[in-house]
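Step one of this worksheet: look at the structure below.
The values are calculated or read from the model by the stated rules, or taken from the named source; none is laboratory data. The shown structure was predicted, so the numbers you read here are calculated from the model rather than taken from an experiment. Here the Cβ positions follow ideal geometry from the backbone for every residue, glycine too, while neighbour counts run over all protein chains shown.
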Amino acid sequence: MKKILVLMFAILVVLSFAEVKIQFWHAMGGWRIELIQGMVNDFMKANPNIKVEVQYVGSYEEILAKTVAALQAGTPPHVVQLNEISTKKMIDSGVIVPVEDMIKKDPSFDKKKLLPQVLNYYSIGGKLYSMPWNSSTPLLFYNKTMFKQAGLDPNKPPRTFSEVISYSRKLVKKDDKGNMIRTGITWPLYAWFFEQWMAEQNKLLVDNNNGRTGNPTKVMFNNEAGLKIFEFWNTLTKEGLMINTKKGDWTAARQLFISQTVGMIITSTSDVALLLSESKKQGFEIGAAYIPIPDGVQRAGVIIGGGSLWLIKQKNQAEVEAAWKLVKYLADVDPQIAWHKGTGYFPVRLDAKEKLEKEGYYKDNPLHYVAIKQLLDTIPSYATMGAVVGVFPEIRNAIDNAVEKMINGQLTPKQALEEAEREANKAIKQYF
Amino acid sequence: MRKWVPYLFILPTFLIISIFIYYPAFNSFYLSFFKVSVFGNRKMFVWFDNYIDLFSDERFVRAFSFTIVFTLVTVVVSVFLAFFIALLLNQKVPGVRLFRTFIFAPYAVSTAVAGALWGFMLNPVVGHVNYLMARLFGVQVNWITTIPYAAYAVIIAAIWKTLPFNIIFYIAGLQSIPDELVEATKLDGANVWTRTWKLTFPLLSPITYYLVIMSIISSMFQSFAIIDVMTRGGPGDYTTNIIYRIYLDGFRFSKTGPASAESVILFLIMIVVTAVYFKFGRKSVHYQ
Amino acid sequence: MKKRTRKVVNTLLIEIGLILFSIFMFAPIFLAFTMSIQSPEFVFSYPPKIFPRGIHFENYLQALKIVPFLRMMWNSLIIAFFITLGKMVTGILAGYAYANFKFKGDTFTFGLIFSTLYIPAEILLIIPLFQIISKLNWVNTYQAMIIPFTASATNVFLFQQHFKTIPRDFEDAARIDGATPMQYLLKVVLPLSRPVIGGAAIINFTYAWNMYLWPMIVAMRDDMKTVQVAINMIMNAESSNNWGIIMAATMIALFPTLLLFFLLQDLFVKSLVGTGLKG
């Protein structure tokens, strides 16, 4: 009898050291591929019985498609990075393991250490579903050198819509044939910015408290708040004070700012490093500021963007445990600091932010400081928590389409808002 | 024994197609009668709802009309222009070999890269096309985000992409015309135009026949990458055709049911187009 | 005298026409090339530049470093080669059958084959096809990226159309000589079809080389990914502004297809010495 027990114990010991293989799929390309591999390598050194296969798959959509394919074929990945707007889809899918479930079993992770705004975004009903990882917000960047040239105060960036308009008027420059060679502002044509301005006015995007207290049934942006935004966008375009890109073209917007074709840009905080280095190369100084808001509005704050890490259900529970270890590691203080320094995404934890502050990091990096201050100054409310809706991509597409039609003169701002509402509501009804 | 030869010869093709195209396609088409969840783990039978929704959706109707314009212009221009250029390239002119390689280049590039390059050249401020237009004509156009220029942009890029394919085939065809025939008409005193239209073009009709249907197929099925990279189907859904709609619904919005329904509709449209094409073609194509 | 000048003028006009057209066709590629050797500050300059300021080949080195580019090119090469081979063999056999034989079900089966062109495979079939591949245990293998694509309606149609133009008398003569259909195909038909074979090789290779969605889904490790996936990895819409590196990668990826064309171009173009000098 003793011999059998010893044998069983030995087997258990061996099994517990058996290697577990997990797959981690992410959407961070370019130089970040190496950065992530480095972090994963460190993780594997500390956890010798876990082997992680990291894969840069492509865009968030491609990850979703590949995950769906892999799931249906019975070989799903263990950890996937998806964008924030996939949250409701993933929650409803039935294929994930909510992070909350892992936290309940593992007291070593204190979710209260996460930045409240970040924690709120990915939680519904107090339950955290995915691990926030690469979070960003919008930020206004402006060309200080150009401001000086044009007679604007480089230390007074515009704070309201009307200031943006008047500043832009001063920045316009034309050539001898009357062609515009420089103008005021740009931002990628993307509904994300519309959502931010709704949040700043403390208004919801969809009903049922932005989908957080019940499934959304309709959109809530066809109102005065939404109209202010559309009219602002329309005025800037019609007066030639802004250059519009095609849908979701972040590169074109950045390019316009870097080539000094525009003096201001609203883009993601994850672009700080890039804009700093490029502006240096081009020889101009940049500054950053909170995004401008409609006149007379009390600033409520911004919504986070970016993505998070999801745990996928597996047949083998040991693999889920290993995946959880990886996710915990990537969200830990030092990895988060390294991640922030290497990419510009926020460190998602308060203790990481405090450590950076102690190091004097924010003194050396004023732009990053503006970014995180804007986030931390955000007043938590359903509006600033952001919407949770399954057909988010279609809602954004509806808004983008409406904006494009508006700036082409096919629709007035009011009509555009109505069309966006119509199409978005149609999509919500068809969610399955 | 000889009776079995044709069946044996078509067997390999059939085997591959049945396993890797028909079988998955049937599954896909079958799903057009369902509402399917994002991850495919839940299904609900909805009869023809997906189809009915499509026909009452103004965006799908818009996609349909843009498809007609896009395909018509792209095919007509890329076939006839190719014929004309092939004639030029068939001449004994210095540098022809080099020209051919330059002209082939667009075919070698992937559609995504082609879209990216054209998008770059048509960039309103740092793009070369607008720069030239602005300096020469004082005209500044935002090619990608304004109506109707966005349509011109994708059509030009699509034509650019399909021309080499057509040109190569026309060159091959021109090269296979026996010299005696060419000489015979020269002796008859016919001038270049009559020679081209009454002799050369009809002689190449099998090639034209092939190229037109291939161009139609390419424009109907492969243009989504160019559109996605250049205009994202915009502004609004101005440059969205049916295949791009399918790409959006199937890939971007994870709407499996509607995407399948759209594919079925596209399939049926093409069957009709082909049936008409083959009936009409049989009469106008001359084989030796 | 007059005839000579007319010929010269004609040649000149043709030259000009071809030059302009070649510029139109090649300009975007030239742009890609310029961007790839340009120093990064000038890629987005205004006024836009046509010729680069200085030559910087670092972009190429960088492109090869960010991802295992050469390995991925090798993968693409193997995959494109076997897909081309497969498509040609199945296409020639089937095309021959449809061109030279009348058999029960010929129109129907031809229609079935042709109708596969009407299925947007890259978008619609990815998930069901992946399930099949998975059941066969072919995930992350060459087979998965080759075998499903070894038949092609385009090829069948192309060869059928071409084989139909070969005079019947040849076939009758061969039959009298006692040749089997296969022998006739190999000894008479194929040699007469060099141009079309060359053209088909280029088309199939290019198509396989430029495939993106399927290899992206099937490959699970970097060492099995293909060159288009590599370019996408370098591109990353989220925040890469280094178009120089992206274009360098594109140029490298462009090279094999252009090379293939350059080599095979003579196959379907009779040598210029033979043209028009008779009589």
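Scanning segment C:149-165 turns up at least one residue that is at pLDDT below 90, more than 20 Å from the chain's Cα centre (by Cα) and not hydroxyl-bearing (Ser, Thr, Tyr).
Checked against the criterion of being within 14 Å of chain A (Cβ to nearest Cβ), touching a strand residue (DSSP E or B) at 6+ places or on another chain (Cβ under 9 Å), buried (at least 16 other Cβ atoms within 10 Å of the Cβ) and modelled with pLDDT of 85 or more, the candidates C:Met233, C:Met220, C:Met224, C:Met247 yield just one match: C:Met220.
Residues are listed down the side, and each one gets a yes or a no for (1) among the hydroxyl-bearing types (Ser, Thr, Tyr); (2) closer than 20 Å to A:Val118 by Cβ; (3) free of Cβ contacts under 8 Å to residues at least 40 places away in the same chain:
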{"position": "A:Gln314", "(1), (2), (3)": "no, no, no"}
{"position": "A:Glu319", "(1), (2), (3)": "no, no, no"}
{"position": "A:Ala331", "(1), (2), (3)": "no, yes, no"}
{"position": "A:Gln336", "(1), (2), (3)": "no, yes, yes"}
{"position": "A:Gly342", "(1), (2), (3)": "no, yes, no"}
{"position": "A:Ala352", "(1), (2), (3)": "no, yes, yes"}
{"position": "A:Tyr362", "(1), (2), (3)": "yes, yes, yes"}
{"position": "A:Leu375", "(1), (2), (3)": "no, yes, no"}
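Any residue at all in segment B:211-231 that's modelled with pLDDT of 90 or more, more than 13 Å from the chain's Cα centre (by Cα) and not in a helix (DSSP H, G or I)? Yes: segment B:211-231 contains one or more residues that are modelled with pLDDT of 90 or more, more than 13 Å from the chain's Cα centre (by Cα) and not in a helix (DSSP H, G or I). Of the residues making up segment C:115-174, those that are within 14 Å of chain A (Cβ to nearest Cβ) and β-branched (Val, Ile, Thr) are C:Ile123, C:Ile126, C:Ile127, C:Ile132, C:Ile133, C:Val139, C:Thr141. For segment B:232-251, what are the residues that are outside any loop (DSSP other than H, G, I, E, B), under 20 Å from the mean Cα position of the chain (by Cα) and of a type outside the set (Ser, Thr, Tyr)? Within segment B:232-251, B:Ile242, B:Ile243, B:Arg245, B:Ile246, B:Leu248 qualify.
In the set A:Gly184, A:Gly151, only one residue is of a type outside the set (Lys, Arg), assigned to a strand (DSSP E or B), in the same structural domain as A:Ile395 (by TED's automatic domain parsing) and touching a helix residue (DSSP H, G or I) at 6+ places or on another chain (Cβ under 9 Å); that residue is A:Gly184. Among the residues of segment B:95-138, just one is more than 7 Å from chain C (Cβ to nearest Cβ), touching a residue at least 60 places away in the same chain (Cβ under 8 Å) and of a type in the set (S, T, N, Q), namely B:Thr111. Given the criteria over 28 Å from B:Leu211 (Cβ atoms) and either without any contact (Cβ under 8 Å) to a residue 24 or more places away in the chain or among the polar types (S, T, N, Q) (or both), does C:Met220 qualify? Judged against the criteria, C:Met220 is not a match. The number of residues in segment B:77-115 that are closer than 20 Å to B:Met230 by Cβ and modelled with pLDDT under 85 comes to 1.
Per-residue answers, yes or no, for (1) within 22 Å of A:Met242 (Cα to Cα); (2) in a helix (DSSP H, G or I):
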{"residue": "A:Ile265", "(1), (2)": "yes, no"}
{"residue": "A:Trp310", "(1), (2)": "no, no"}
{"residue": "A:Ala323", "(1), (2)": "no, yes"}
{"residue": "A:Ile337", "(1), (2)": "no, yes"}
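Of all residues in segment A:116-134, those being closer than 20 Å to A:Ile312 by Cα, touching a residue at least 40 places away in the same chain (Cβ under 8 Å) and not small (Gly, Ala, Ser) number 8. Evaluation of A:Asn143 against the conditions (1) touching a helix residue (DSSP H, G or I) at 6+ places or on another chain (Cβ under 8 Å); (2) modelled with pLDDT under 95 shows that the sole unmet condition is (2). Can A:Lys218 be described as among the charged types (D, E, K, R), out of contact with any Cys (no Cβ under 9 Å at 6 or more places or on another chain) and surrounded by 21 or more Cβ atoms within 10 Å (Cβ to Cβ)? When the stated conditions are applied, A:Lys218 does not pass them. Annotation note: of C:Gly91, C:Gly178, C:Gly95, the sole residue that is within 8 Å of another protein chain (Cβ to nearest Cβ) and closer than 30 Å to B:Pro178 by Cα is C:Gly91. For C:Ile203, the test of being modelled with pLDDT under 90, under 24 Å from C:Ala151 (Cα atoms) and more than 9 Å from every other protein chain (Cβ to nearest Cβ) is failed. For segment B:133-151, the tally of residues that are in contact with a Pro (Cβ under 9 Å, 6 or more places away or on another chain), in a helix (DSSP H, G or I) and farther than 22 Å from B:Leu72 by Cβ stands at 1. Residue check: A:Ala225 meets all listed conditions (1) in contact with a strand residue (DSSP E or B) (Cβ under 9 Å, 6 or more places away or on another chain); (2) at pLDDT 95 or above; (3) among the hydrophobic types (A, V, I, L, M, F, W, C) but one, namely (1). In a residue-by-residue description of segment B:142-158, the property of being within 7 Å of chain C (Cβ to nearest Cβ), surrounded by 22 or more Cβ atoms within 10 Å (Cβ to Cβ), more than 15 Å from the chain's Cα centre (by Cα) and more than 25 Å from C:Val227 (Cα to Cα) applies to no position.
Residue-by-condition table, conditions (1) assigned to a loop (DSSP other than H, G, I, E, B); (2) within 14 Å of chain C (Cβ to nearest Cβ):
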{"site": "B:Val5", "(1), (2)": "no, yes"}
{"site": "B:Ser18", "(1), (2)": "no, yes"}
{"site": "B:Ile21", "(1), (2)": "no, yes"}
{"site": "B:Ala25", "(1), (2)": "no, yes"}
{"site": "B:Phe29", "(1), (2)": "no, yes"}
{"site": "B:Ser32", "(1), (2)": "no, yes"}
{"site": "B:Phe39", "(1), (2)": "yes, yes"}
{"site": "B:Leu54", "(1), (2)": "no, no"}
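Applying the selection to segment A:361-414, what residues are crowded, with 16+ Cβ neighbours inside 10 Å, within 14 Å of chain B (Cβ to nearest Cβ) and small (Gly, Ala, Ser)? Within segment A:361-414, A:Gly390, A:Ala398, A:Ala402 meet the criteria.
When C:Ile176 is tested against (1) under 26 Å from B:Ile17 (Cβ atoms); (2) surrounded by fewer than 22 Cβ atoms within 10 Å (Cβ to Cβ); (3) among the β-branched types (Val, Ile, Thr), only condition (1) is not met.
Where helices (runs of 4 or more DSSP H) fall wholly inside segment A:1-115, the ranges with 1 or more residues that are in contact (Cβ under 8 Å) with a residue 60 or more places away in the chain are A:32-46, A:60-72, A:87-93, A:99-105.
Each row is one residue, and each column tells you yes or no for (1) in contact (Cβ under 8 Å) with a residue 40 or more places away in the chain; (2) surrounded by fewer than 18 Cβ atoms within 10 Å (Cβ to Cβ); (3) among the β-branched types (Val, Ile, Thr).
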residue: B:Ser18; (1), (2), (3): no, yes, no
residue: B:Pro24; (1), (2), (3): no, no, no
residue: B:Asn27; (1), (2), (3): no, yes, no
residue: B:Leu31; (1), (2), (3): yes, no, no
residue: B:Val36; (1), (2), (3): yes, no, yes
residue: B:Trp47; (1), (2), (3): no, yes, no
residue: B:Asn50; (1), (2), (3): yes, no, no
